[in-house]
Amino acid sequence: MGKTPLKPSNSSTSRLKVTKRKSDVKKKIRRGTNSRSINRELARLQLNLCTPKKSGESNSNCEVTAELENKCMIKWKDIEVLGENVENINKLKYEEKWDFSHIDRCIQEMMGEYPNCDIYLFGGSPQNYLQSSLTPATCPNIVAIAIESTYEPPPFVSAQDFQHGGEEYKTIRQHKLYWERIDLDLYSQQEEHREFPGNGNVFALKSRLRKTVADKRSTDDLIAWEYLTLFIMKPSVDWVRKEDGKLKIGNTIFKYDIGNGDIVDELFDIDNGDTLREFIPDFCDRFDLEVEDHEANLKQVIRDAFTSARKEKEKNIDMFSDYPSEVLDSIKTVKIFPQNDCVESKQKYINKYYGKADSIK
């Protein structure tokens, strides 16, 4: 099987759709209120509160952080962030004070641990990591992907498809994203820095989308960008088959008409213990439906959703034909957090495709 070059292919990827919960928080969703949206709105109300200071008091810690960041070869603010709205990204980068002055050391350690790998960096979706008494409620993070140096991470992203519903997959080029190599050779020549170990390279995710163009994007485009994620499949997890040869599907989203044209998106999660016997009465109770009238139909709708998800997953596997299974399974991830004291809860979760990071720093 041929190896994938470092630069992504020019060929486009056909649109593949899977069922996914809508972003419209007005929809009735099993998991309840979209807490992420609420936290994001609260975060917009206040600025520069992650490093609190008394009135009239200078914040020398922020000044030191800026000085240290200027000496870093890897500039965290130059790394493209995925999974967040543009307004909040700009605020996180330029209006709040985050200490990523340790990012070079983190990558040095990672290159020493994975000497035959290249490292790819992107900004992960900001989540709730702060002390509950502080606002804003989110902080940025950098995700580092280590992959065998003759390959690049699968060049696919997943985005909301608001015209047809669900989700679509495209290449990073189609979203005007690309990987840019960071010149570590020049950095290592500086006397105050020790050499980066290993034989690998370091790349940062960048965007070719000009600001003038970005400002003119539609609301749907902006929301789609907010839910943009890097897409990958791990054979040891995603390609597991049952005894009958069918792909194992742990969960899926199904749509159901609860009456008056009101269609809800619901998650049926076998991996987390959902069973038809318990799920259907609970579903009917939440939406004021009679179990006797809807049980048979609900069972069929859920079965059809799993069948559809299985077919789409088979198609998705073909997207990774250039990657040996062992290469995909050997990919390692590290999640890097700012060093600010207010960052308490450092969660490993990256996104639904990359799952949890192998380690955090």
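R0 = 30 Å: FRET efficiency of Lys242 with Arg286, Cβ-based, nearest 0.05? The calculated FRET efficiency here is 0.50.
Within the full protein context, the accessible area of Lys356 is estimated at about 150 Å² for a probe radius of 1.4 Å. Model label sites at Arg105 and Glu180, defined 7 Å from Cα along the beta-carbon direction, differ in position by 2.7 nm.
Karplus-derived 3J(HN,Hα) values for region 353-361, using 6.51 cos²θ - 1.76 cosθ + 1.60 with θ = phi - 60°, are 9, 7, x, 9, 5, 6, 7, 10, 9 Hz; glycine and proline are entered as x. The length gained on full extension between Lys311 and Ala296, counted as 0.36 nm times the residue separation minus their Cα-Cα distance, comes to 3.1 nm.
Taking amide H positions as modeled 1.01 Å from N, with prolines and chain starts lacking one, the residues under 5 Å from Val81 and 5 or more places away or on another chain are Gly123.
In this structure, the amide hydrogen of Leu177, modeled 1.01 Å from its nitrogen in the peptide plane, lies closer than 5 angstrom to those of Arg208, counting only residues at least 5 positions away or on a different chain.
Within the shell defined by Cβ-Cβ distances under 14 Å, the residues around Lys246 carry a net charge of +2, with Lys and Arg each +1 and Asp and Glu each -1. Applied to region 310-315, the Karplus parametrisation 6.51 cos²θ - 1.76 cosθ + 1.60 on θ = phi - 60° returns per-residue 3J(HN,Hα) values of 5, 5, 5, 5, 4, 5 Hz, with x for Gly and Pro. With K and R counted +1 and D and E -1, the other residues having a Cβ less than 9 Å from that of Gln347 yield a net charge of +4. The GluC sites (Glu not before Pro) found in region 225-320 that occupy coil by DSSP, while having at most 16 further C-beta atoms within 10 Å, are Glu243, Glu290. The phi torsions of region 106-120, fed into the Karplus equation with coefficients 6.51, -1.76 and 1.60 and a -60° offset, translate into couplings of 4, 6, 4, 4, 5, 5, x, 6, 10, x, 9, 10, 8, 10, 10 Hz, rounded to whole numbers, with Gly and Pro shown as x. Using the structure shown, list the pairs from Lys242/Lys315; Lys71/Lys176; Lys313/Lys352; Lys311/Lys335; Lys75/Lys170 with a Cα-Cα distance above 24 Å, or answer none. Result: Lys71/Lys176; Lys311/Lys335; Lys75/Lys170 exceed 24 Å.
Residues whose amide H falls under 5 Å from that of Cys139, counting only those 5 or more places apart or on a different chain, are Gln127, Tyr129, with hydrogens built in the peptide plane. Residue ranking by accessible heavy-atom surface, 1.4 Å probe, largest first, among Trp239, Trp98 comes out as Trp239, Trp98.
The values are calculated or read from the model by the stated rules, or taken from the named source; none is laboratory data. Not measured: the values here are computed from a predicted model. All Cβ positions, glycine included, derive from the backbone under ideal geometry; neighbour counts span all protein chains shown. Protein only, heavy atoms only, side chains kept; ligands, DNA and RNA dropped before computing areas. Shrake-Rupley method; radii C 1.70, N 1.55, O 1.52, S 1.80 Å.
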